[in-house]
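The values are calculated or read from the model by the stated rules, or taken from the named source; none is laboratory data. Everything numeric in this text was worked out from a predicted model, so none of it was measured. Neighbour counts run over all protein chains shown; Cβ positions are idealised from the backbone, glycine included. All accessible areas refer to the heavy atoms of the entire protein, side chains included, with ligands and DNA or RNA removed. Shrake-Rupley method; radii C 1.70, N 1.55, O 1.52, S 1.80 Å.
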Amino acid sequence: MITLQGKGVSDGIALGKLTFLERTHFSVEKRTITDVPAEVERFNAARETAAAQLEELSRTMAEKIGKENALLFDIHSMMLSDPDFFEPMIGIIENQKICAEYAVMEAGSALAQDFADMDDDYMKERAADVRDVANRVVAILSGTWMDVSAGSDPVILAADDFSPSETVQFDRSKVLALVSRAGAANSHTAIFARTMGIPAIIGFGSSLSAGLAGVNAAVDGGTGVLCIDPGPAVIEEFQKKHELLEEEKQAMEKYRGRETLTKSGKKIQLFANIGSVTDVEAAILGDAEGIGLFRSEFLYLGREDYPGEEEQYETYKRVLELMKGKQVIIRTMDIGADKQAAYFGLPGEENPALGMRAIRICLTRPELFKTQLRAIYRASSFGNAAIMFPMICSVAELLRAKAILKEVRNELQVQGIAFNEKVPVGIMIETPAAAIISDLLAKEADFFSIGTNDLTQYTLAIDRQNDLLSEFCDIHHEAILRLIKLSCDNAHNAGIPIGICGSLGADKTLTQFFIETGIDELSVEPSCVLPLRKVIAKL
Ligand code: PEP
Ligand code: MG
């Protein structure tokens, strides 16, 4: 038996034969043409056929993968009429007098590469969409279409990578699991696999060699393990896990679309934490009632320069629109400590977790802060937004931040830009100082959300990044529980709601305590929403 480790992107177990996806390859020859207008016309006709195919795909797939996911094919269709997509293709036909198939392949690959080279992870992953659309047009031009059938028996399907339109067209009863050499966790392929309930593992690289075709294999989409030629003991272990997962899934589904209520009818808001637009799909699939923490600093990471107002506005707007009126709490950037972006030019520090971080950066660089706040306010017209400040330690800090907010609101008003003036403004309770003076802070905030990750680090003086200290890190330490209770009482005395958005919120051994303490909202990883609703319903 050989065990290969990849990245699990869609949970579930599968046992079966490994089969490599057979694609009908279309040959793209670099053919010289003489009648340029006729070739351009042939290309335009293929674009029209592709658009019609995609509209049909969007309609028929809505049931299989959900209306929102099927929208991708409308976006693919729109791409066909985008000048950035088709003009370079026509340019090659006209200037080089080369056939349309070759022109589409050339220009499509170049555009896909432009996307792949972008800093933003979401944009990077759009390279697969461009390739998918270009392949469709080439297939139409060359009179072939990708054969996405997986044979007659159910198999574990392997490939270099799967395109989104291939993935949705697989017959679920024939595909036990997907495994690929390349791929990205947030690609549409991964999202569709999760939506369709197909276990999937990506990123095996060359270890997933073609020589493995036809062997028996076992897939664990949760851990990312692929066992080649598993023995009876491994098969039994995988089967047991499969039964357990199925039982859990069935039990969980009962809670989908329901309010989160305790047995006695107390209502808890069960929200999800996200770090990007792509995470919203997981939050919706997980049945979150809102977004309790949008870690906006992820917009600033993994790039060379600050994200501008327009880019941020588009991002917040997309999240708010996707959440359709459900609350989205946008935490202003928490850069610093473990989330460093070199272009901020922050000085080296002995103790970055105790250094220039989060609201401290925002208050010392108000222009940067204002750019973000303008983007949030402008987006606030498109949904139910709330703003939350991280790492607050004093009333003075909160008042300074609110004064900047006011300046931003005034400027937008003067400029006649629409925004929601009633966006709630809350703070994170993640320093012991904030918890201890939460009675004073509550007078100036519309809500609290407890960041237990940092609250634990700062209360116990234990670096949250340091694994070596785990034996000293009692996450249920009485001091932390008391600070939670104190903040909760002070919030309620002032008549404001309080939630938890740190990891402790998903700790089922504390759910009873949180509810007894009066916590109004829990914001957890999207996959924890349904399991937690089930726990709460039993309390
Ligand atoms: C926290 O500190 O608990 C929190 C939610 O914020 P982050 O983990 O992003 O620091
Ligand atoms: Mg924190």
Can you give me the number of residues within the stretch 91-115 that are open to solvent by 30 Å² or more (accessible area, probe 1.4 Å) and in a helix (DSSP H, G or I)?
12
Is there any pair linking a residue in the stretch 291-311 that is without any contact (Cβ under 8 Å) to a residue 60 or more places away in the chain and more than 16 Å from ligand 1 (Cβ to nearest atom) to one that is assigned to a helix (DSSP H, G or I) and open to solvent by less than 70 Å² (accessible area, probe 1.4 Å), with Cβ under 6 Å and at least six apart or on different chains, and which?
Asp305/Tyr343; Pro307/Leu299
Would the stretch 315-329 turn up any residue that is in the same structural domain as Cys362 (by TED's automatic domain parsing), assigned to a loop (DSSP other than H, G, I, E, B) and within 16 Å of ligand 2 (Cβ to nearest atom)?
no
Hits in the stretch 116-133 - residues which are part of a helix (DSSP H, G or I) and open to solvent by less than 50 Å² (accessible area, probe 1.4 Å)
Ala116, Ala127, Ala128, Asp129, Val130, Asp132, Val133
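Go over the candidates Ala70, Ala46, Ala38 one by one and state the one that is within 17 Å of Ser142 (Cα to Cα), in contact with a Leu (Cβ under 9 Å, 6 or more places away or on another chain) and not basic (Lys, Arg). Walk me through how you get there before you give the answer.
On the way: Ala70 fails: within 17 Å of Ser142 (Cα to Cα); Ala38 fails: in contact with a Leu (Cβ under 9 Å, 6 or more places away or on another chain).
None of the other options fit; the residue is Ala46.
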Yes or no: the stretch 154-170 includes at least one residue that is open to solvent by less than 10 Å² (accessible area, probe 1.4 Å) and acidic (Asp, Glu).
yes
Take Lys124 and decide whether it is more than 22 Å from Ser58 (Cα to Cα) and modelled with pLDDT of 90 or more.
no
Conditions first: (1) touching a helix residue (DSSP H, G or I) at 6+ places or on another chain (Cβ under 7 Å); (2) of a type in the set (A, V, I, L, M, F, W, C); (3) away from ligand 1 (no atom under 13 Å from the Cβ); (4) assigned to a helix (DSSP H, G or I). Phe514 passes all but one, so which condition is the exception?
(1)
Scope the stretch 50-90; condition in contact (Cβ under 8 Å) with a residue 60 or more places away in the chain and not in a helix (DSSP H, G or I); matching residues:
Gly66
Search result, residues across the stretch 330-351 that are open to solvent by 30 Å² or more (accessible area, probe 1.4 Å) and away from ligand 2 (no atom under 13 Å from the Cβ)
Gln340, Ala342, Tyr343, Gly345, Leu346, Pro347, Gly348, Glu349, Glu350, Asn351
Looking at (1) at pLDDT 95 or above; (2) open to solvent by 40 Å² or more (accessible area, probe 1.4 Å), find the lone condition where Ala288 falls short.
(2)
Residues in the stretch 275-283: is at least one outside the structural domain of Asp121 (by TED's automatic domain parsing), open to solvent by 30 Å² or more (accessible area, probe 1.4 Å), within 15 Å of ligand 1 (Cβ to nearest atom) and not in a loop (DSSP other than H, G, I, E, B)?
yes
Residue match in the stretch 230-250 (condition: part of a helix (DSSP H, G or I), surrounded by 14 or more Cβ atoms within 10 Å (Cβ to Cβ), within 16 Å of ligand 1 (Cβ to nearest atom) and not assigned by TED's automatic domain parsing to the domain that holds Ile198)
no
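Considering each of Ser470, Ser503 in turn, give the residue that is small (Gly, Ala, Ser), within 16 Å of ligand 2 (Cβ to nearest atom) and modelled with pLDDT under 95.
Values: Ser470 fails: within 16 Å of ligand 2 (Cβ to nearest atom).
Unique residue meeting the criteria: Ser503.
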How many residues are modelled with pLDDT under 95, in contact with a helix residue (DSSP H, G or I) (Cβ under 6 Å, 6 or more places away or on another chain) and β-branched (Val, Ile, Thr) if we restrict to the stretch 1-35?
3
